[in-house]
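To start, the structure under review is shown below, and the notes come after it.
The values are calculated or read from the model by the stated rules, or taken from the named source; none is laboratory data. Predicted model, so just to flag it, every value in this text is computed and none were measured. All Cβ positions, even for glycine, are placed from backbone atoms using ideal geometry, and neighbour counts span all protein chains on display. Remember, those area values only see protein heavy atoms, side chains included, never the ligands or the DNA or RNA. Shrake-Rupley method; radii C 1.70, N 1.55, O 1.52, S 1.80 Å.
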Amino acid sequence: MARMTLATPALQTSRLRLRPFADADAGPLFALHSNSHVMRYWDSPPWSERARSRRFIARCQGLADEGTGVRVAVDRASDGAFVGWCALVDWVPEYRSAALGYCLDEAMWGHGYATEAAHALLHWAFGTLDLNRVEAKADTRNAASARVLEKLGFVREGTLREECVVNGDVSDTWVFGLIRREWRPPVTPTSAP
Ligand SMILES: CC(C)(COP(=O)(O)OP(=O)(O)OC[C@H]1O[C@@H](n2cnc3c(N)ncnc32)[C@H](O)[C@@H]1OP(=O)(O)O)[C@@H](O)C(=O)NCCC(=O)NCCS
């Protein structure tokens, strides 16, 4: 079945702006993904080559062009500082399903930004893509990410035992799911014009 392309949205919340990635994000993006503390529960090692951020940014447009998802950069509204990114990928129109992911700069943790950004993207996705199910995965040691998903209304559905091996470190993965009928529309986020 032919797929539609997707337009990566620009969204605004009370404290954040979500927008398409630009080439100028390459520096902050590399700093984020090369930080081994930020990446400690990721399913692949930290980046070591700067070219990775260019590929990531090009891939954002690729996802939208092939209609499988969107990845948005997240800035703090008050000063434009780069917060990180949030993504809705693996969209399967037939199943009305997709997967959620996010990664935030360490300096931005602990303010509710991940929850706020993901909430805005989910609000857009449930409204635009006629989604029924959103899936998310997290390393079972990643308590902060599990808490973000729980705050968003995701249900922990199971454990994938020893799913990842990163630099010899074997880890288990939790699978979370959010079904449309369990989703409560947020009060604050609104779409930018
Ligand atoms: C996981 C991550 C997105 C959280 O971002 P954040 O903006 O700090 O998240 P929020 O502030 O919205 O919510 C975090 C929640 O986890 C809680 N939390 C944080 N660290 C915790 C810990 N070690 N144990 C238990 N709860 C923890 C916070 O208290 C908060 O819950 P609360 O609102 O009930 O107090 C961020 O740490 C990150 O990007 N990490 C690196 C990349 C990553 O792991 N991404 C997810 C891959 S699945």
Problem set entry | When residues of segment 134-148 are limited to those that are outside any strand (DSSP E or B) and more than 6 Å from the ligand (Cβ to nearest atom), the one surrounded by the fewest Cβ atoms within 10 Å (Cβ to Cβ) | Arg141
Exercise. Do we find that Trp85 is closer than 28 Å to Asp169 by Cα, in contact with a His (Cβ under 7 Å, 6 or more places away or on another chain) and not aliphatic (A, V, I, L, M) in this structure?
Worked result: no
For this session: Would you be able to say whether some residue in segment 81-88 is more than 6 Å from the ligand (Cβ to nearest atom) and either charged (D, E, K, R) or modelled with pLDDT under 95 (or both)?
Result: no
Problem set entry | Subset of segment 1-40 (residues that are over 26 Å from Val166 (Cα atoms) and in contact with a Leu (Cβ under 9 Å, 6 or more places away or on another chain)) | Leu6, Thr8, Pro9, Ala10, Leu11, Gln12, Arg17, Leu18, Arg19, Phe21
For this session: Six or more apart or on different chains, Cβ under 9 Å: which pairs go from a residue in segment 66-87 that's touching a residue at least 12 places away in the same chain (Cβ under 8 Å) to one that's among the polar types (S, T, N, Q) and part of a strand (DSSP E or B)? Could you list them?
Result: Ala77/Gln12
Exercise. How do the strands (runs of 3 or more DSSP E) wholly within segment 1-100 filter down when requiring 2 or more residues that are of a type in the set (Gly, Ala, Ser) and surrounded by 13 or more Cβ atoms within 10 Å (Cβ to Cβ): which remain?
Worked result: 82-92
For this session: Go through segment 1-38 and count every residue that is more than 13 Å from Trp85 (Cα to Cα) and free of Cβ contacts under 8 Å to residues at least 24 places away in the same chain.
Result: 4
Problem set entry | Only listed residue being more than 13 Å from the ligand (Cβ to nearest atom), modelled with pLDDT under 95 and open to solvent by 20 Å² or more (accessible area, probe 1.4 Å), chosen from Glu182, Glu157, Glu162 | Glu182
For this session: Could you give me the residue pairs with C-beta distances under 6 Å whose first residue belongs to segment 174-185 and is free of Cβ contacts under 8 Å to residues at least 60 places away in the same chain, whose second residue is open to solvent by 90 Å² or more (accessible area, probe 1.4 Å) and basic (Lys, Arg) wherever it lies, and which are 6+ apart or on separate chains?
Result: Trp174/Arg156; Val175/Lys137; Phe176/Arg156
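From Leu121, Leu131, grab the single residue that is buried (at least 18 other Cβ atoms within 10 Å of the Cβ), part of a loop (DSSP other than H, G, I, E, B) and more than 8 Å from the ligand (Cβ to nearest atom).
Leu131
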